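Since the structure comes first, as structure tokens, the remarks are kept for the end.
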Amino acid sequence: MKDSKTIRKEFIEFFEAKNHKVVKSAPVIPINDPTLLFTNAGMNQFKDIFLGKKKPEYPRAVDSQKCIRAGGKHNDLEEVGRDGYHHTFFEMLGNWSFADYYKKEAIQWAWELLTEVWKLPKEKLFATVHESDEEAYNIWKEVTDIDHSHIEYHGDKDNFWEMGTTGPCGPCSEIHYDRGENTCHMKDVEGHKCAVNGECHRYIEIWNLVFMQFYREEDRSLSPLKDQYVDTGAGFERICQILQNKNSNYDTDLFVPIIEKIAEISGVAYHQDERGVSHRVIADHIRALSFALADGGMPSNEGRGYVLRRILRRAARHGRLLNMKKTFLQDLVDVIVDVMGDHFVELKEKKAHIKLIIKAEEERFNTTLDKGLD
Ligand code: GLY
């Protein structure tokens, strides 16, 4: 089985070989951007380039960006634990063109990596394009050997990507993976039909190619950007799920060690069905907390600090559902450092700090809970 470290490396090396500069992930706590609660996409650190305020130092870049989607326009908090592929914290693999290549290369290279390097079965891949983007539709037909019936037009909801209520944006082309009939959780719902961007868990989006060309103004109008850019985002945990032949991100090597530790501490075995919701929520939330605290976040009563407090409290409450009355969250941090600390060295450097803050915050919450219960 290909491990997650190899998968991340292969993505970066693929684009490096195509003259992309390898750049570091920006912190999850955004620097100097009051429009954002957390870094929610790989493009955040390049926003000023897209806006023409900053000259790019290189025409192409590749990275794995740490993202948190737990508030603001992109918020996945409520989905966490209920399916196997939404997270508060995740990594987004991305390749970037700053007024250099555009739709053709972005599509061609995504297809090449997925089908030639990673050898994903072509019949399981689907592409969507914005309903107005005939150009991208034709490029899919011309530069790839995708089954033409697997190219679909979709509307703004799924194929127009925006960073927030204002900011750079543009039509996008998404790549979805068919995980097979048995992954549909709505088989018994009358009239249900599995579909790309449908309601069940069968097809999952794995990569979004955004063709950045507009700015969304306060009054909702769109102004053209000075140039055209490519911003892509591939969900790393989802790619690992597929390449490791699993049905859930939580069954990949990114999560298994954390879940095993939760089962060990609590004495409650993990199950992949609904009985495992608490294990999954805790595993997800402790990753978000560890990365946010490593990057300078702090639980508090307002703004992003309040979101972090809520995430921690949710994890602690799920701990209670697994019969854990004492603090336990800090004990999971070592596992996260083992799994991801080689690539994200800040986790190693800040480990003691992360554990200290988590323990203090969990202790305070436990005291409140115990009083309430009394
Ligand atoms: N900016 C691309 C994405 O977040 O999907």
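The values are calculated or read from the model by the stated rules, or taken from the named source; none is laboratory data. These numbers come from a predicted model, not from an experiment. Neighbour counts run over all protein chains shown; Cβ positions are idealised from the backbone, glycine included. All accessible areas refer to the heavy atoms of the entire protein, side chains included, with ligands and DNA or RNA removed. Shrake-Rupley method; radii C 1.70, N 1.55, O 1.52, S 1.80 Å.
The combined condition, being touching a strand residue (DSSP E or B) at 6+ places or on another chain (Cβ under 6 Å) and assigned to a helix (DSSP H, G or I), is fulfilled by Arg287.
Of everything in region 142-172, what is buried (at least 16 other Cβ atoms within 10 Å of the Cβ), within 25 Å of Lys119 (Cα to Cα) and more than 11 Å from the ligand (Cβ to nearest atom)? Give them in sequence order. Answer for region 142-172, where residues must be buried (at least 16 other Cβ atoms within 10 Å of the Cβ), within 25 Å of Lys119 (Cα to Cα) and more than 11 Å from the ligand (Cβ to nearest atom): Val143, Thr144, Ile146, His150, Ile151, Glu152.
The residues of region 241-268 that are over 22 Å from His185 (Cβ atoms) and among the charged types (D, E, K, R), listed by number, are Asp253, Glu260, Lys261, Glu264. Looking across region 175-189 at every residue that is of a type in the set (D, E, K, R) and surrounded by fewer than 16 Cβ atoms within 10 Å (Cβ to Cβ), the one that is nearest to Glu123 (Cα to Cα) is identified as Glu181. Checked against the criterion of being within 16 Å of the chain's Cα centre (by Cα), surrounded by 21 or more Cβ atoms within 10 Å (Cβ to Cβ) and under 21 Å from Ile175 (Cβ atoms), region 33-41 contains one or more residues that satisfy it. Can you find, within region 68-87, the residue that is nearest to the ligand (Cβ to nearest atom) among those that are more than 17 Å from Cys240 (Cα to Cα) and open to solvent by less than 10 Å² (accessible area, probe 1.4 Å)? Looking at the filtered set, the residue picked out is Ile68. Being farther than 26 Å from Gly167 by Cβ, touching a helix residue (DSSP H, G or I) at 6+ places or on another chain (Cβ under 6 Å), open to solvent by 60 Å² or more (accessible area, probe 1.4 Å) and assigned to a helix (DSSP H, G or I) is a property that holds for Arg313. You will find that of Ile49, Ile29, the residue that is part of a loop (DSSP other than H, G, I, E, B) and open to solvent by less than 50 Å² (accessible area, probe 1.4 Å) is Ile29 and no other. All conditions in (1) among the small types (Gly, Ala, Ser); (2) in contact (Cβ under 8 Å) with a residue 40 or more places away in the chain; (3) farther than 22 Å from Cys169 by Cβ hold for Ala17, with the sole exception of (2).
Of the strands (runs of 3 or more DSSP E) that lie entirely inside region 122-234, those containing 1 or more residues that are within 24 Å of Pro30 (Cα to Cα) span 160-162, 167-178, 203-216. Across region 298-310, not a single residue is classified as open to solvent by less than 10 Å² (accessible area, probe 1.4 Å) and either touching a residue at least 24 places away in the same chain (Cβ under 8 Å) or within 21 Å of Pro257 (Cα to Cα) (or both). Within the set Val337, Val281, Val277, Val333, the sole residue that is in a helix (DSSP H, G or I) and open to solvent by 20 Å² or more (accessible area, probe 1.4 Å) turns out to be Val277. The listed residues are His192, His201, and the only one of them that is more than 15 Å from the ligand (Cβ to nearest atom), open to solvent by 20 Å² or more (accessible area, probe 1.4 Å) and in contact (Cβ under 8 Å) with a residue 12 or more places away in the chain turns out to be His201. The residues in region 32-46 that are part of a loop (DSSP other than H, G, I, E, B), without any contact (Cβ under 8 Å) to a residue 40 or more places away in the chain and more than 11 Å from the ligand (Cβ to nearest atom) can be counted, and the count is 3.
Annotation note: of Ile239, Ile259, the sole residue that is in contact (Cβ under 8 Å) with a residue 12 or more places away in the chain, part of a helix (DSSP H, G or I), among the β-branched types (Val, Ile, Thr) and within 16 Å of the ligand (Cβ to nearest atom) is Ile239.
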